[in-house]
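First comes the structure, then the notes that go with it.
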Amino acid sequence: GGIALWHRWGQSIPLVTGAVGEQMDIEYAKPEFYWGREPNHLCLRVCQLVSPAGAGRRAIDIGCGEGRDAVHFARHGLDVLALDVSRPGLEKAARWAAEEDLHLETVQDSILGYRLSADVNLLYSSGTLHYLPPELRADVFSNYKGHTAADGLHAVNAFVEKPYIPPPPDYAPNEYFYRSGELLAYYWDWEVLLFEEITFDCRSGGVHHRHVMDTVIVRKVVS
């Protein structure tokens, strides 16, 4: 059976995020890996912190894309649920996991309608949380935190709005950048293991631009 970690609230919420989702479906359907096969540096950091293999130790990768981080967490011995809106991306991730004889549960869904319904030991999301509208964030983060086991970790990042940096050329109407420190504020009651804000160059969309990103790694401490 699958890892029963999720349910949907409100079936009217669409899975596919318009033109952006359609474009990523096209990219993910190609044989090559759009994001490459090496895990994100945030994924590698987390693997140094999270306890590996153990009965029932569960991780979720929210916005897994083609699975480069989800597969690496599975290599680390975790039971992994990989969530994304892109079916081609999920299919590629599942094939990759099968090639390495790893178990990877996949679910096609949007973070707008997705909610956890069972505890996880690790919640991970890189490059996805800026699709979460501000009016949904308090509810969604409350759900994520409430369904995290004691001593569980969240490792997440989000793009940050700055008045001196213009919007990226591939900015979409369904992207909602955060304010500096906003992401961390949702975890005021958790132990902060890492918080950083960086500015970096990017060429997504084929045009050079800059992003600012906040990254948070936090632990749920239960007294």
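Structure values in brief
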{"read-out": "Dimensions in Å of the stretch 164-221 - Rg and Dmax from alpha carbons", "value": "14.0, 43"}
{"read-out": "Estimated dipole of the stretch 48-166 in Debye, rounded to 20 [Cβ of Lys and Arg +1, of Asp and Glu -1, Cα centre]", "value": "180"}
{"read-out": "Value of [θ]222 nm, deg cm²/dmol, for the chain, DSSP H segments ≥ 4, -39500 (n - 2.57) each, nearest 500", "value": "-7000 deg cm²/dmol"}
{"read-out": "Volume per residue of the C-alpha convex hull in the stretch 95-223, rounded to whole Å³", "value": "146"}
{"read-out": "Charge dipole magnitude, Cβ of K and R +1, D and E -1 - the chain, Cα centre, debye nearest 20", "value": "220"}
{"read-out": "Cα-centre dipole for the stretch 95-223 with unit charges at Cβ (Lys and Arg positive, Asp and Glu negative), debye to 20", "value": "280"}
{"read-out": "The stretch 91-133 - Debye-derived log10 I(q)/I(0), Cα point model, q = 0.17, 0.24, 0.32 Å⁻¹", "value": "-0.68, -1.08, -1.14"}
{"read-out": "Peptides 76-82, 114-120 ordered by average Cβ neighbours within 10 Å, highest first", "value": "76-82, 114-120"}
{"read-out": "Cα-only radius of gyration and Dmax that characterise the stretch 136-202, units Å", "value": "14.0, 41"}
{"read-out": "128, 106, 199, ranked by accessible area, largest first (probe 1.4 Å)", "value": "199, 106, 128"}
{"read-out": "The chain: relative contact order as a whole-number percent, Cα under 8 Å and 6+ apart", "value": "18"}
{"read-out": "Stokes-Einstein diffusion coefficient of the stretch 46-157, Kirkwood radius over Cα pairs, 37 °C, 0.692 mPa s, in µm²/s", "value": "234"}
{"read-out": "Percent of Cα pairs exceeding the 30 Å cut-off, where the set is the chain", "value": "18"}
{"read-out": "Heavy-atom accessible surface of the chain: percent carbon and sulfur, 1.4 Å", "value": "54"}
{"read-out": "Ranking by accessible area, most exposed first, for 131, 144, 164 with a 1.4 Å probe", "value": "164, 131, 144"}
{"read-out": "Cut-off under 5 Å, modelled amide H: who pairs with residue 194 long-range", "value": "217"}
{"read-out": "Solvent accessible area, Å² - residue 92, 1.4 Å probe, full protein context", "value": "10"}
{"read-out": "Surface accessible to a 1.4 Å probe, per residue, for the residues of the chain, Å²", "value": "47"}
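The values are calculated or read from the model by the stated rules, or taken from the named source; none is laboratory data. Everything numeric here is computed off the predicted structure, so don't read it as measured data. Note that we place each Cβ from the backbone using ideal geometry, even for glycine, and neighbour counts take in every protein chain shown. SASA here: full protein model, heavy atoms, side chains in, ligands and nucleic acids out. Shrake-Rupley method; radii C 1.70, N 1.55, O 1.52, S 1.80 Å.
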